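Input: a single structure, listed below in structure tokens.
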Amino acid sequence: LAKTTQPISMDSYEGQEVNITCSHNNIATNDYITWYQQFPSQGPRFIIQGYKTKVTNEVASLFIPADRKSSTLSLPRVSLSDTAVYYCLVGDENSNSGYALNFGKGTSLLVTP
Amino acid sequence: NAGVTQTPKFQVLKTGQSMTLQCAQDMNHNSMYWYRQDPGMGLRLIYYSASEGTTDKGEVPNGYNVSRLNKREFSLRLESAAPSQTSVYFCASSEGGGADTQYFGPGTRLTVL
């Protein structure tokens, strides 16, 4: 079970780019990297997923170096509504075990004017 | 589609009482999960069900039982509630296990006095 490490909290001003890095030194060959976002009093929701290099969608970008031992979630031009907790997860595409996903404590992002 | 629904939204119990938290999904997903989230903590997996008719323990199963009633429904039962079970409970579902995207319900806020 791959363990992830990410900062407990980050602060940013509106309009800035925010990069949250996650370490996963023992990532396995079949593991994918997935990021979730959680607002207060809501369940987490999927943001982005990748296996290697770079993935971009309408919300964020995910950068994964060649060794895959870390990944960086990039949020362009954040707004106050991006204040949330962000979770980095590593999971095996072929696993039948839900236990393969460990949400941990996440990174609490605070965006201020 | 309603996605993942949970009932009730709020519940207050006295120590020793029992109750069942209900969860249903309408996405025809195979896997379903129960998590608990305590203040300032990430989500911890209680039980999961990789497919209809199967259930497995997660990280914190003690004090809980689950039933995968059919493909749509996955219930969580507290037989004898304890104050340590005061938490927010989230149900989630995914098409498969491992790295598949999990879709979360709105949560049940449970207080045990």
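The values are calculated or read from the model by the stated rules, or taken from the named source; none is laboratory data. Quick caveat, the model's predicted, so the values are computed rather than measured. Cβ atoms come from the backbone with ideal geometry, glycine included; neighbour counts cover every protein chain shown.
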Given (1) surrounded by 21 or more Cβ atoms within 10 Å (Cβ to Cβ); (2) over 11 Å from the mean Cα position of the chain (by Cα), index of the condition B:SER93 fails: (2)
Selection within segment A:21-71 - away from every other protein chain (no Cβ under 11 Å), touching a Ser or Thr at 6+ places or on another chain (Cβ under 8 Å) and among the β-branched types (Val, Ile, Thr): A:THR21, A:VAL55, A:ILE64
Hey, A:SER12 surrounded by 12 or more Cβ atoms within 10 Å (Cβ to Cβ), farther than 27 Å from B:TYR33 by Cβ and either polar (S, T, N, Q) or within 11 Å of another protein chain (Cβ to nearest Cβ) (or both) or not: yes
Selection count where residues are under 14 Å from A:GLN6 (Cα atoms) and either without any contact (Cβ under 8 Å) to a residue 60 or more places away in the chain or loosely packed, with under 13 Cβ neighbours inside 10 Å (or both), scope segment A:54-86: 7
Out of B:ARG72, B:ARG44, B:ARG68, sole residue that is within 14 Å of chain A (Cβ to nearest Cβ) and modelled with pLDDT of 95 or more: B:ARG68
